[in-house]
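Inspection log for the structure reproduced underneath, given as C-alpha cells.
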Amino acid sequence: MMRNFEEAKRTYESMDIPEKLPNVVDQAFTRATARRRLAWYKPALSAAAAVCILFVALLNISPTFANAMAEVPVLGNVAKVLTFRQYAIETDSEWITVNQPSIAGTGNTELEKRVNNEIQEKIDAIVAEARQEAKQNREDAIARGQDPAQLMPVILDIRYEIKSSSEKALSFVIYKTETAASAYTQQIFYNLDLASGKDLTLSDVLGPDYKQIADKAVKDTIDQRMAEDPEKWPYFVPTPETPDEGFQGIADDQKFYIDKDGNVVVSFDEYEIGPGSMGIQDFVVGKSLV
C-alpha cells in the first residue's frame, strides 16, 4: 500500500502542472472581491476550489495517479464511488458554482446510469432557473433605467457531501444554496441500496413502524433541546393562531440519510420547523437495518 502511495506521489511530483492552473481560482475571484458584500465568501471557497481543481486535474491527467489513489484508504472510496465535474459561471448578474457528483464502481451499471442522469437533469434545471432569474433581473433593471451592473447578482452554489459508503448502501446529499440578502440551503438526498439498485426508504432502514419511531425520536429531541436552551433552539411551536407551525410528524417523502456510524438521520431544511437562523435541523432516529 505504501508502494502505491509513493508511486502516486512520484507521479504527482513529476507532472508538469500548467502554469495557469494556480491562477484559475484567483482570476475567478478578481471581480468578486470587488463586491464587498461577497468578501466573506472568498477564503473558504478559494481554498476548497483550489484543492478540488488540483485533485480532479490529477485524476484526469494521470491514470497512474487515479489508480494509485483508488487503493489508498479513505480516499479510495471517494475516488472510485463518487466523482464530480466542477464549473463556474460568473457575470455581472450571476455567480454560479457547481460541484456535481456522480456514482461509479458500484457494480450496477443500471443504477449508475439512472442516478447520474437524474442528478444531471436536476442540476441542469436548477442552474437554468437561476440563469433565467438573473436574465430577468437584468432586463427589469434596464427597463427601470438602472445600471444592471449595480444589482446584487444571483448567487448559486451546488455542492455535495458523502454521508456514508459501505458495501451495502451509499448515502449522500446535494446542497443547493442560493444567496440574496441571506443564504438559503435546500437538500437533495440519495440513499441507495447497492445490491438491488433501488432507492432506500425510511421503511427499509427503520422497519414498518418507521413513522412512529421517527416521530417520537424527533419530538423527544426537540423537547430536550428546548428545555436545555430555548434561546439556542427556538423551534416553531403550534399555537391556536398558527396550528400548522412546528413539527407535525415526518412527511411521506421525509428527507433522511445514513451517517457513517449506521444511524438513520432525518433532516429538515431551513424554516421547516424553526427560524432560518437555526439552519438545517438533523435528528438521529435509530440504527439502519441496511
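All of the numbers you see were taken from the coordinates with simple rules; none came from a lab. As the structure is a prediction and not an experimental result, all values here were calculated from the model. Note that each Cβ is placed from the backbone with ideal geometry, even for glycine, and that neighbours are counted across all protein chains shown.
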Honestly the stretch 150-290 on the Cα gyration tensor test (a ≥ b ≥ c root eigenvalues; a/c under 1.5 rounded, otherwise a/b vs b/c for prolate or oblate) is just oblate
For the stretch 81-162 the trypsin sites (Lys or Arg not before Pro) that pass both the DSSP coil test and the at-most-13 other-Cβ-within-10 Å test are 144
In nanometres, the difference between 0.36 nm per residue of separation and the alpha-carbon distance of residue 128 and residue 116 is 2.5 nm
With a ≥ b ≥ c from the Cα gyration tensor eigenvalues, square-rooted, and the rule rounded for a/c under 1.5, otherwise prolate when a/b > b/c and oblate otherwise, the stretch 83-128 is oblate
On the formula 1/(1 + (r/R0)^6), with r taken between the Cβ atoms of residue 199 and residue 152 and R0 of 35 Å, the FRET efficiency rounded to 0.05 is 0.40
Per principal axis, largest first, the Cα atoms of the stretch 102-142 extend in Å by 53, 12, 6
Any residue on another chain or 5+ positions along whose placed amide H is under 5 Å from the amide H of residue 271 is listed here as 276, 279
Rounded to the nearest 0.05, FRET efficiency between residue 139 and residue 88 (Cβ-Cβ, R0 22 Å) equals 0.45
